[in-house]
Protein chains: 4
Amino acid sequence: MSYQKFRECIDACVACAVACNYCATSCLQEEDVKMMAKCIQLDLECAAICRAAAEVMSLGSGYSAHLCRVCADVCNACAEECGKHHMEHCQACAEACRKCAEVCEQMATAV
Amino acid sequence: MSYQKFRECIDACVACAVACNYCATSCLQEEDVKMMAKCIQLDLECAAICRAAAEVMSLGSGYSAHLCRVCADVCNACAEECGKHHMEHCQACAEACRKCAEVCEQMATAV
Amino acid sequence: MSYQKFRECIDACVACAVACNYCATSCLQEEDVKMMAKCIQLDLECAAICRAAAEVMSLGSGYSAHLCRVCADVCNACAEECGKHHMEHCQACAEACRKCAEVCEQMATAV
Amino acid sequence: MSYQKFRECIDACVACAVACNYCATSCLQEEDVKMMAKCIQLDLECAAICRAAAEVMSLGSGYSAHLCRVCADVCNACAEECGKHHMEHCQACAEACRKCAEVCEQMATAV
């Protein structure tokens, strides 16, 4: 698999990591932070794994598919939790997670 | 500056990043999460900068001193906030931050 | 400074980190790897600092300007070294570094 | 699995990431860099995945076992390649990789 083929997936992972971090810090400023605790936790886990998947792909690594497999799973979990909250940062994060999960699924089976 | 001389500082940065992440996720499980919001935010910023400083030093980079300068600052800020809370994870994080700030200060001026 | 204002700079940092990693692994496959050693070294340092700057900005951190200051410096150094080599990956990396340096300079003085 | 139980594995991953980065930059300064190209490439992949595993564990994530599974694999591959070279940085890296692979294997099956 060439770097160019990795490119769409790298972009989705990076966009998702940024959306997750932004969602986490925005959640911390909400009135009811406690209600957002699980969302923040998943945001942080998802951001960490997305960053790792993006980096491993940008190195053209043969382990990319394995990282993308885990990344798709955490993205789906994060999308489900974020999707429960109506705030714009949560909805935007859920969408970024869903898109990232989709391309990571493809990468996980394609490589 | 040799890699061996970087070693103590790398270790302090890595230990601080781990303590910050652990403090953040522990804060998310506290009864009063809202009271911990600023602590969590600083934990995340501090962890990110500590990881970066450790990585740049482990590459033997000439930019290490610059990263350590920023790292010392965020560690001091995080130590101050964490130090306000009596929970063990906050106290342990404050201590890791203080130690990291100290060695990063030395690195920032020594290199 | 709002997250939206950080957005252009985050994107430039992330794109630069990816270009640096791709350049490093591509250099490793060149016939004369020794000639590329300094390029690879700077690619790795630049990628690490760009990733850190992007993460800190995505957390909306008050330390963003400080990271962007260091990031602009390493990007300029990496652009200069990569610019000496005619390979497409080096030229693309040099361009990503120059763009990142420019927006990081603005961020470093604006925040 | 508690954070304390993660601790040994986090330490092994972090130590391995640092050893891999140091090995990579040391390889870049060897007389025959071309001979070290595969070693450098694996060092970079291994460092990235070790950092990710350490971070995910420090967040107490339920995805830790999955990351540790991938981490054990890349550590074994990196240990094999580094083990072929007599330089101290390669031998030290190979040893760090072997230790990390061992504890990651345990984590991957235990969680």
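Structural remarks
- Filter result (under 13 Å from the mean Cα position of the chain (by Cα) and in contact (Cβ under 8 Å) with a residue 40 or more places away in the chain) within segment C:22-38: C:Tyr22, C:Cys23
- For the condition under 11 Å from the mean Cα position of the chain (by Cα) and open to solvent by 10 Å² or more (accessible area, probe 1.4 Å), D:Lys84 does not qualify.
- Only a single item in (1) within 13 Å of the chain's Cα centre (by Cα); (2) open to solvent by less than 10 Å² (accessible area, probe 1.4 Å); (3) not small (Gly, Ala, Ser) is not met by A:Gln41, and it is number (2).
- Residue match in segment A:57-67 (condition: among the aliphatic types (A, V, I, L, M), surrounded by fewer than 21 Cβ atoms within 10 Å (Cβ to Cβ) and out of contact with any His (no Cβ under 7 Å at 6 or more places or on another chain)): yes
- Elements of type helices (runs of 4 or more DSSP H) in segment C:1-107, at least 1 residues being within 14 Å of chain B (Cβ to nearest Cβ) and among the charged types (D, E, K, R): C:37-58, C:64-82
- Tally, over segment A:1-38, of residues that are aromatic (Phe, Trp, Tyr) and either out of contact with any helix residue (DSSP H, G or I) (no Cβ under 8 Å at 6 or more places or on another chain) or open to solvent by 10 Å² or more (accessible area, probe 1.4 Å) (or both): 2
The values are calculated or read from the model by the stated rules, or taken from the named source; none is laboratory data. If you're wondering where the values come from, they're calculated on a predicted model, not measured in any experiment. FYI the Cβ positions are ideal-geometry reconstructions off the backbone, even for glycines, and counts take in every protein chain you see. For the accessible areas, the whole protein counts, side chains as well, though only heavy atoms, and no ligand, DNA or RNA atoms are used. Shrake-Rupley method; radii C 1.70, N 1.55, O 1.52, S 1.80 Å.
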